[in-house]
1. If you find the alpha carbon centre of segment 140-218 and of segment 255-329, how far apart are they in angstrom?
2. Mind checking the angle between helix 288-301 and the chain's longest principal axis? C-alpha axes, 0 to 90 degrees, to the nearest 10.
3. With unit charges on the beta carbon (Lys/Arg positive, Asp/Glu negative), name the residue among TRP175, HIS194, PRO161 whose Cα is farthest towards the positive pole of the charge dipole of segment 155-247.
4. Counting only heavy atoms of protein chains, what accessible area per residue, in Å², does segment 147-187 have with a probe of 1.4 Å?
5. Under a 1.4 Å probe, what is the accessible area of segment 1-100 per residue, stated in Å²?
6. Run the accessible area of the chain with a 1.4 Å probe and give the carbon-and-sulfur part as a rounded percent.
7. So how do 41-49, 59-67 stack up, highest first, on mean other-Cβ count within 10 Å?
8. For a protection proxy built on the mean count of beta-carbon atoms within 10 angstrom, sort 135-143, 222-230, 108-116 highest first, please.
Amino acid sequence: MHPDLAAELTQLTCDLIRIESIASRPENLNAVMDYVAAYLATIPDIFVEYTQAGGKPAIVATLQPTRSPALMLNGHTDVVVGRPAQFIPQVRDGRIYGRGAQDMKGSVAVMLRLVRDLAARSERPDVGFQFVSDEEIGGELGTARLLQEGWRCGFMLCLEPTDLGILYEHKGAMWIDMRLRGTPAHGSRPWEGHNPVYALAHGIAKLERRFPPPSADSWCTSVSPTLIQVGDGSNNQIPSSATFTFDVRFTADESVESITAILEEYFPDAEILCTRPAVPLRTDPNHPQVQRLASLIAEHTGAPARFYREHFSTDARYYTDAGIPAICFGPVGAGLHSDDEWVDVASLTTLYQIIMDVIGYYDLCTPNYPRSGSTRVARS
């Protein structure tokens, strides 16, 4: 481990953890992005765009004056809610403990150091860096917006925690709110009303047969009822409605349309109130740049790269949905969204070194852009 590198990555990660950048604290979402902006402001002759939409700030920094670098690195500065003590970082036994240490302020620290070191080169590679603040709530105002605004690339590395493995595929997600209407009546005279609970139970039984709850190691679509609200609070009244929510995690052989059609078939009298889809991630593990990364992982770790799939979603999906190959690759840690979250400091330095070697490839592909000083776009 390089002591100076490890020390700075530790300091940066701890500084970021101290900022409680959760969705309900917009002032802190701005504060953590201001920290990123302040660090970038110390680096001469880079190109920085700082924008905001819906109270969610984002920064893109590039080493060349382009909106489509050969390689884009992506990291998010927002975190899930934690206990107050989790925003006081602790460093012990080679680990940094705290909310967001693993997911993913350690990776953001690596990105900041990479910008500084790459900008110091006489020949700069064609690399960009996205810092967003809404990944934990879907990424629509961060990574998705940046893509819509023209920020593209040849290949994306999303530095989500992967224990230095290669996450090349994850499921799509969809949340569907539905409602079945009933006819209220006195509980002692059910024939005078219409009880929507029976239709709800009948439909859920069909769903369980069509999509049985999967085991941890099975790769299949799951449709899970998560919220059910029935009636208006009276024990002796046939309910006037039943409102329910399904959490859907679907593989690439399903789609939003196919899942919706099945739910409409099983709940023919239900009204769909809201559908919030998120597309899956899928990049060919044999893609040349994925294989190059795999060989570098093996060189640095002494073990073959681990390729795997995940059940949850990441912002990388927005880029593969646009036809741009993207994977997730990040540090070693544990306690994702839990009370005991940590990231391994040595893995942060390894992550830095592997990405440096990956970027070495892009040195051969860098356009000969003239330098024209740093560019900053005010918040909007």
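1. One Cα centre to the other: 15 Å.
2. 70
3. Value computed over the given set: HIS194.
4. Per-residue value: 32 Å².
5. Solvent-accessible surface per residue comes out at 38 Å².
6. Exposed carbon and sulfur together represent 51 percent of the surface.
7. Put in order of decreasing packing, that is 59-67, 41-49.
8. Top to bottom by mean Cβ count within 10 Å: 108-116, 135-143, 222-230.
The values are calculated or read from the model by the stated rules, or taken from the named source; none is laboratory data. Bear in mind that the values here come from a model prediction, so they are computed numbers and not experimental data. Backbone-built Cβ (ideal geometry, glycine too); neighbour counts: all protein chains shown. In case anyone asks, the SASA skips ligands and DNA or RNA and just uses the protein heavy atoms, side chains included. Shrake-Rupley method; radii C 1.70, N 1.55, O 1.52, S 1.80 Å.
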